[in-house]
Amino acid sequence: FGNVARGLIQALKQKHAFLRDEHGITPLITAITDVNFGAVANPEGLDLNLLEKAMQDFSEFEAEERTEWDAFEMIQNSDTDVILELSVANLETGEPAAEYITQALNAGKHVITSNKGPIALKYRVLNSLAQKNGVKLGIETTVMSGTPVIAYGTGLLRSAGITGIRGIFNGTCNFILSEMRKGLSFENALALAQKLGYAESNPANDIEGYDTAAKLSILSEVFFGERIPPLEIPTSGITVLSSEDIAAATAQNSAWKLVGSIELTDDRPIYAVKPVLIPMGDPLSSTNGSLNSIQFETELLGSVTVTGPGSGRIETAAGLIQDLIYIFREDLP
């Protein structure tokens, strides 16, 4: 019940009429479990206003709504159609999120997750399990938050023939590099990113490129059917860049960006995560702050760029709602 879940509460209240009128969906949150807050459940729906106000625990809920369920018990026992798995990403094993998702799918429940760990490491197994059990697995928010790159690439853009991908997939790194272009040192830019909530207290996964590598793993599997664990992708982060490097790029009318790329060749895809010097005029060079951007190389359209938020609780909630619509609209594949 962290930032993303709180964003979802806000978004569901805001988009209630839209979901009902446009898609015939009236979502109820029937159960929540959180290692710090505890657990609550009500098959008729929990009060969204109370959830929005909950600051440290669920003590304001009625006694009969409070429960001792852990995550596995909630998945098994709750009266629900969809499980939302919103825990912190583990990029080494994908656990315990992968096991939560597995249990939910085996229980015949749809799953929506914002957790890139299990999707980067075990997407093929989990998606096959969803198909076996006649349910769906929504993963839109695992790459660029609510910016719909997966839906766009697998839907509207698929007929154009995607032949390669490159992009800026980490808002923390992009924010730091943007601030360094304004004159801040790396250390001060990182401290500002942490103060504003863009960077974690331990930012290693972001600044060393591992978060971007995990997102490349997901994109490779989804768009090209090629599985590659994140740790097998050649990866270099932004800690190799100095203030002098940033200034020199500016003098050359260019900008350093942390770029993840997949290039299709006759033999196999070529993957890379590394700082790249991007000339001004390239759409990636003007993707600043915490924004993300993805460029699809296609057979019929050439280069197509999508830019949008790659983080943020309300932005991520927008992607969760996209997946909710995807699950319940019968005319979608």
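Every number here is computed from the coordinates shown, using simple stated rules; none is lab data. All of these numbers come straight from a predicted model, not from anything done at the bench. Neighbour counts are summed over all protein chains in view; Cβ atoms, including those assigned to glycine, are modelled from backbone coordinates with ideal geometry.
Evaluate the charge dipole of region 179-290 about its Cα centre and quote only its size in Debye, nearest 20, assuming +1 on the Cβ of each Lys and Arg and -1 on the Cβ of each Asp and Glu.
320
Obtain the nm distance between the two label points defined at Glu92 and Asp282 by a simple spin-label model: each point lies 7 Å from its Cα along the Cα-to-C-beta direction.
Result: 3.4 nm between the two label points.
To the nearest 20 debye, what is the magnitude of the charge dipole of the chain about its Cα centre, counting +1 on the Cβ of each Lys and Arg and -1 on the Cβ of each Asp and Glu?
With only Lys, Arg, Asp and Glu charged at Cβ, the dipole is about 840 debye.
Mind running the shape call on region 168-280? Use the C-alpha gyration tensor, a ≥ b ≥ c as the square roots of the eigenvalues: rounded below 1.5 for a/c, prolate if a/b tops b/c, oblate otherwise.
It is oblate, given that a/c is not under 1.5 and a/b is not larger than b/c.
Just tell me the longest site-free run in the chain, where the sites are trypsin sites (Lys or Arg not before Pro) in a DSSP loop having at most 15 other beta-carbon atoms within 10 Å. Intermediate values should be presented prior to the final figure.
Numbers: sites that count: Lys182, Arg227, Arg329.
It works out to 1-181.
Hey, could you get me the Stokes-Einstein D for region 174-214, Kirkwood radius over alpha-carbon pairs, 37 °C and 0.692 mPa s, rounded to whole µm² s⁻¹?
It diffuses with D of about 318 µm²/s by this estimate.
Counting helices only, and only those DSSP H runs with n ≥ 4, report the 222 nm mean residue ellipticity of the chain as the sum of -39,500 (n - 2.57) divided by its residues, in deg cm²/dmol to the nearest 500.
Helix contribution divided over all residues of the chain: -11000 deg cm²/dmol.
Semi-axes of the chain's equivalent ellipsoid from the Cα gyration tensor, sqrt of 5 times each eigenvalue, largest first, rounded to whole Å?
35, 23, 18
For region 42-176, what is the charge dipole size about the Cα centre, in debye to the nearest 20, if Lys and Arg each add +1 at the Cβ and Asp and Glu each add -1 at the Cβ?
Roughly 1320 debye, rounded to the nearest 20.
Which GluC sites (Glu not before Pro) in region 266-323 sit in a loop by DSSP (not H, G, I, E or B) and have at most 16 other Cβ atoms within 10 Å of their own Cβ?
In loop regions of region 266-323 (DSSP not H, G, I, E or B), the sparsely surrounded GluC sites (Glu not before Pro) are Glu299.
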